[in-house]
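Note sheet for the following structure.
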Amino acid sequence: NAGVTQTPKFQVLKTGQSMTLQCAQDMNHEYMSWYRQDPGMGLRLIHYSVGAGITDQGEVPNGYNVSRSTTEDFPLRLLSAAPSQTSVYFCASSYSITANTEAFFGQGTRLTVV
Amino acid sequence: AQTVTQSQPEMSVQEAETVTLSCTYDTSENNYYLFWYKQPPSRQMILVIRQEAYKQQNATENRFSVNFQKAAKSFSLKISDSQLGDTAMYFCAFPSSGGATNKLIFGTGTLLAVQP
């Protein structure tokens, strides 16, 4: 049971570098999301998707891009990394938009921008 | 704006005892769900329990139960017979407008330490 898989688990970037955080789910879930977790701030929504080809912004979208070309994959792109993007990133998926369904989370990516 | 507030940054409890974690929220929605997630040192987010707002009965999952007070917009988590494996960060979460679980609003978390 793979569930939601995030790669890499750890990453160090230099300011200005770009990278893509990968997220894949094998549960045929339509709904996927990206969150960032910072100390004392809980998790905050970056971007989300309600299906292939459809994405929208969350609470903190600046500096991040997403795309959803398949149901399974939802990559998060940092075009020009900044120290303020140092955080732990979580991808989540759920099979329904209704609130009685559980959101499943990946194990997170710890990103450090120096 | 919808908000979720956890006022206890850290708590400690002795093994086998009971502890209650607090959560308050603000919403204009009438029907919604509330969630408690556990994040152990492994970093994995694990759903502990969920409560549907229109149900007056408090949800229970084994040693975990909630005290849901809709009028007061309060959603506390009670852990009975605490175990060392309960040591974790606990987050209260609430779906943002529209009630969708792919758009959760999280509290700032309570770090629970279970002492032997």
Quiz item: Inside region A:14-48, can you point out the residues that are surrounded by fewer than 19 Cβ atoms within 10 Å (Cβ to Cβ), touching a Ser or Thr at 6+ places or on another chain (Cβ under 8 Å) and not in a loop (DSSP other than H, G, I, E, B)?
Solution: A:GLN22, A:ASP38
Self-check item: Members of region A:61-82 found to be away from chain B (no Cβ under 13 Å) and not hydroxyl-bearing (Ser, Thr, Tyr), listed by number
Solution: A:ASN62, A:GLY63, A:ASN65, A:GLU72, A:ASP73, A:PRO75, A:LEU76, A:ARG77, A:LEU78, A:LEU79, A:ALA81, A:ALA82
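One line per residue, one yes/no per condition, for (1) more than 12 Å from every other protein chain (Cβ to nearest Cβ); (2) buried (at least 20 other Cβ atoms within 10 Å of the Cβ):
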residue	(1), (2)
B:THR3	no, no
B:GLN39	no, yes
B:LEU47	no, no
B:ASN62	yes, no
B:SER80	yes, no
B:PRO95	no, yes
B:LEU104	no, yes
B:GLY109	no, yes
Practice problem: Starting from residues that are over 17 Å from A:TRP34 (Cβ atoms) and modelled with pLDDT of 95 or more, keep the ones in region A:83-114 and report whichever is nearest to the other protein chains (Cβ to nearest Cβ). | Solution: A:THR112
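The values are calculated or read from the model by the stated rules, or taken from the named source; none is laboratory data. Only a predicted model underlies this, so the values are computations on that prediction, with no experimental measurement involved. Positions of Cβ are backbone-derived with ideal geometry, glycine not excepted, and every protein chain shown enters the neighbour counts.
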